[in-house]
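Visitor: One structure is given below, represented as structure tokens, and several questions about it will come after.
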Amino acid sequence: MKSKGMIYISLILMILILSSCAKSDANLTPCMTGGQVYGFWHGLFHGLIAPFGLLASLFDHTTYMYAPNNNGAWYALGFLFGSGGWGVLADRGTRKRKMD
């Protein structure tokens, strides 16, 4: 018998995989051809505010969680570190105390 946690993780993974195939009708050409290119520090900041960006993107179709005009691996690394901080912060309150 599968645990509830494994079922939830499987469901979330399935939703993420299926949503990655979704078509975007956004015209990103102006963002990609001019303006600022985001690097590591912007990626770190965007990772920290990712949960809020996700909520905003659900209601506003012109808001994106991940900057399309980034410099590649450095932005992705910053985003990864920034979004990983939420897991570390959430883990602090869930530690079990030793029973004497």
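The values are calculated or read from the model by the stated rules, or taken from the named source; none is laboratory data. Please read these numbers as outputs of a predicted model, since none were measured by experiment. Note that we place each Cβ from the backbone using ideal geometry, even for glycine, and neighbour counts take in every protein chain shown.
Visitor: Evaluate region 84-95: report whether one residue or more is surrounded by 10 or more Cβ atoms within 10 Å (Cβ to Cβ) and either at pLDDT 65 or above or not in a helix (DSSP H, G or I) (or both).
Guide: Start the filter on region 84-95 by keeping residues that are surrounded by 10 or more Cβ atoms within 10 Å (Cβ to Cβ), which leaves 84-86.
In the following step, the residues that additionally are either at pLDDT 65 or above or not in a helix (DSSP H, G or I) (or both) were identified as 84.
The answer is yes; a qualifying residue exists.
Visitor: Scan region 20-36 and tell me whether some residue there is assigned to a helix (DSSP H, G or I), modelled with pLDDT of 75 or more and of a type in the set (A, V, I, L, M).
Guide: No, every residue in region 20-36 fails to be assigned to a helix (DSSP H, G or I), modelled with pLDDT of 75 or more and of a type in the set (A, V, I, L, M).
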